[in-house]
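The values are calculated or read from the model by the stated rules, or taken from the named source; none is laboratory data. What you are looking at is a predicted structure, and each value in this text was computed from that prediction instead of being measured. Please note: Cβ atoms are built from the backbone with ideal geometry, for glycine as well, and neighbour counts cover all protein chains shown.
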Amino acid sequence: MHVNGALVPRADAVVSVFDAGFVLGDGVWEGLRVHAGHPAFLDQHLDRLWEGAAAIALDIGLTRDELTARIYETLRANDMTDGVHVRLMVTRGPKSTPYQDPRFSAGPPTVVIVAEHKDPLPSTVERGLSLFTVHVRRAAPDTLDPKLNAHSKLNDIAACIQAYTAGADEALMLDPQGFVATCNSTHFFVVRRGEVWASSGAYCLGGITRGNVLRVCREAGIPRQERLFSLTEVYSADEAFVTGTFAGVVPVHTVDGRTIGDGRRGPMVERLQSLYADLVRRDVAARVAP
């Protein structure tokens, strides 16, 4: 692990109980997937990290090049090249007292990089997930901007609890008007009559994988829309899938007990999995380690 500029064994990777991330969830983070020794779409992830830090007036304390060097240092120290998931976390650092006001932060930001060998199950990538629509709604931007990838994830955690208690793998979350927004940790798509539909994007995180799937649709000439749609249109979809940094493109076989399509990975999802994997290979092939 990399903690505040030092490589440390996992058992010794600790932060202060006064850290703003622990006390208040005050920080931003990114998840990175490593292929052929390189974090895929690193520039996009760092863009989102810096945008989030700017939104909460958090000085990361490092340049992009310095933070990139730390990521690669962590990978080299663990001899990690493939099948690796990296969690990059930046908080406001230790506080002089456990109090909300950011001006009570006593030290520099805390920067932690956790790299783990972690792969999605082949059965999940092929067969997919079940979803359950929860009562927990996505927050509006004037409450907690869903574009902010903040350490405070209680909204998503509450949704996740309701979903797994109902026997599903992931929560499907609606926006304040009742239209489909996103899942608790992934982004949701449906396929209808050869078109790929994503939500409007107004109430979900600006997903890197989500955007890249829309990109490969555009490059391949696949009709795609970002639009409002309802659960009625989900239940009657030909296919459905979710996207995320960890597993890429994963089919959805059931939503609220309704089987989507024939309940198996459909041809569009299989095609998008291939197109996305090719985009990942192209991205990392152009990277040079510092």
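Here's a check for you: in the range 129-172, which residue that is out of contact with any strand residue (DSSP E or B) (no Cβ under 9 Å at 6 or more places or on another chain), in contact (Cβ under 8 Å) with a residue 40 or more places away in the chain and of a type in the set (D, E, K, R) is nearest to Asn184 (Cα to Cα)?
Lys153
Do we have His85 as assigned by TED's automatic domain parsing to the domain that holds Pro109, of a type outside the set (A, V, I, L, M) and in contact with a helix residue (DSSP H, G or I) (Cβ under 6 Å, 6 or more places away or on another chain) here?
Details: assigned by TED's automatic domain parsing to the domain that holds Pro109: yes; of a type outside the set (A, V, I, L, M): yes; in contact with a helix residue (DSSP H, G or I) (Cβ under 6 Å, 6 or more places away or on another chain): no.
Here the answer is no, as His85 does not meet what is asked.
Looking only at the range 3-25, filter to residues that are over 25 Å from the mean Cα position of the chain (by Cα) and assigned to a helix (DSSP H, G or I); which one of those is surrounded by the most Cβ atoms within 10 Å (Cβ to Cβ)?
Result: Asp12.
Is it true that Thr245 is in contact with a Gly (Cβ under 8 Å, 6 or more places away or on another chain) and closer than 28 Å to Asn155 by Cβ? Full working, then the answer.
Numbers: in contact with a Gly (Cβ under 8 Å, 6 or more places away or on another chain): yes; closer than 28 Å to Asn155 by Cβ: yes.
Yes; evaluated as a whole, the condition is true for this residue.
What do you reckon, is Arg103 assigned to a helix (DSSP H, G or I) and at pLDDT 95 or above?
On the way: assigned to a helix (DSSP H, G or I): yes; at pLDDT 95 or above: no.
In short, no.
In contact with a Pro (Cβ under 6 Å, 6 or more places away or on another chain), assigned by TED's automatic domain parsing to the domain that holds Glu270 and closer than 20 Å to Asp238 by Cα: which single residue out of Glu170, Glu195 fits that description?
Working: Glu170 fails: in contact with a Pro (Cβ under 6 Å, 6 or more places away or on another chain).
Glu195 is the lone residue from the list that is in contact with a Pro (Cβ under 6 Å, 6 or more places away or on another chain), assigned by TED's automatic domain parsing to the domain that holds Glu270 and closer than 20 Å to Asp238 by Cα.
Just checking, does the range 62-75 include any residue being among the basic types (Lys, Arg) and more than 15 Å from Asp43 (Cα to Cα)? Lay out the reasoning, then the answer.
To start, the set of residues in the range 62-75 that are among the basic types (Lys, Arg) comprises 64, 70.
After this cut, where a residue has to be more than 15 Å from Asp43 (Cα to Cα) as well, the list is none.
Within the range 62-75, none of the residues are among the basic types (Lys, Arg) and more than 15 Å from Asp43 (Cα to Cα).
So, Lys118, is that one more than 27 Å from Ser200 (Cα to Cα), surrounded by 19 or more Cβ atoms within 10 Å (Cβ to Cβ) and either modelled with pLDDT under 95 or out of contact with any Cys (no Cβ under 7 Å at 6 or more places or on another chain) (or both) or not? First the steps, then the outcome.
Details: more than 27 Å from Ser200 (Cα to Cα): yes; surrounded by 19 or more Cβ atoms within 10 Å (Cβ to Cβ): no; either modelled with pLDDT under 95 or out of contact with any Cys (no Cβ under 7 Å at 6 or more places or on another chain) (or both): yes.
Taking the combined requirement at face value, the residue does not satisfy it.
Is it true that Val288 is surrounded by 15 or more Cβ atoms within 10 Å (Cβ to Cβ) and over 20 Å from the mean Cα position of the chain (by Cα)?
Details: surrounded by 15 or more Cβ atoms within 10 Å (Cβ to Cβ): no; over 20 Å from the mean Cα position of the chain (by Cα): yes.
For Val288, the condition - surrounded by 15 or more Cβ atoms within 10 Å (Cβ to Cβ) and over 20 Å from the mean Cα position of the chain (by Cα) - is not met.
Those residues that are of a type outside the set (Ser, Thr, Tyr) and either assigned to a helix (DSSP H, G or I) or outside the structural domain of Pro176 (by TED's automatic domain parsing) (or both), I need them from the range 221-277; list them, please.
First, pick out the residues of the range 221-277 that are of a type outside the set (Ser, Thr, Tyr): 221-229, 231, 233-234, 237-242, 244, 246-253, 255-258, 260-273, 275, 277.
Selection gives Leu231, Glu233, Val234, Pro267, Met268, Val269, Glu270, Arg271, Leu272, Gln273, Leu275, Ala277.
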